[in-house]
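Let me begin by presenting the structure, written as structure tokens, before commenting on it.
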Amino acid sequence: ISLWLGAAGFFLAPQTALFISLLQRLLPADRQAEGFALFNAGWALGIGVGSAVAAVLLDTAGSQVAMLLSGAVPVAMALAGRLSRHTR
């Protein structure tokens, strides 16, 4: 399992750098501080809620369900984001 966690964490730094670069490009200069604050708040909230949900899943449904959902939820969110982008 440590190999899987290491592989998952390997992409975290480039992903964060990409998000910051996109925020710098997309936000006007006078709104960047607010944008970065909201980004960091959302990131922290997601980590906190995700950890709590994972703990409940581990206790109630077991490790296999928790691992399955920890992979399925991000894929579902990426697909939802992709689909919503085409409907605008």
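Listing for the model above:
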{"read-out": "Unique match (being assigned to a helix (DSSP H, G or I) and in contact with a Ser or Thr (Cβ under 9 Å, 6 or more places away or on another chain)) among L3, L23, L57", "value": "L57"}
{"read-out": "The stretch 11-51, residues that are more than 12 Å from the chain's Cα centre (by Cα), exposed (fewer than 10 other Cβ atoms within 10 Å of the Cβ) and not small (G, A, S)", "value": "P14, R25, P28, D30"}
{"read-out": "Selection from the stretch 31-88 of residues that are in contact with a Leu (Cβ under 7 Å, 6 or more places away or on another chain) and more than 19 Å from L18 (Cβ to Cβ)", "value": "L57, V65, A66, L69"}
{"read-out": "Pick from the stretch 27-49, criterion in a helix (DSSP H, G or I) and touching a helix residue (DSSP H, G or I) at 6+ places or on another chain (Cβ under 8 Å), ranking: farthest from M77 (Cα to Cα)", "value": "Q32"}
{"read-out": "Residues of the stretch 64-88 that turn out to be over 20 Å from the mean Cα position of the chain (by Cα) and part of a helix (DSSP H, G or I), as a count", "value": "3"}
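To keep it simple, each residue is scored yes or no on (1) modelled with pLDDT of 85 or more; (2) in contact with a Pro (Cβ under 7 Å, 6 or more places away or on another chain); (3) of a type outside the set (S, T, Y).
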| site | (1), (2), (3) |
| --- | --- |
| A13 | no, no, yes |
| L23 | yes, no, yes |
| P28 | yes, no, yes |
| S51 | yes, no, no |
| V73 | yes, no, yes |
| A76 | yes, no, yes |
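The values are calculated or read from the model by the stated rules, or taken from the named source; none is laboratory data. Computed from a prediction, not measured in an experiment: that's the story for all the values here. Here the Cβ is made from the backbone with ideal geometry for all residues, glycine too, and neighbour counts use every protein chain on show.
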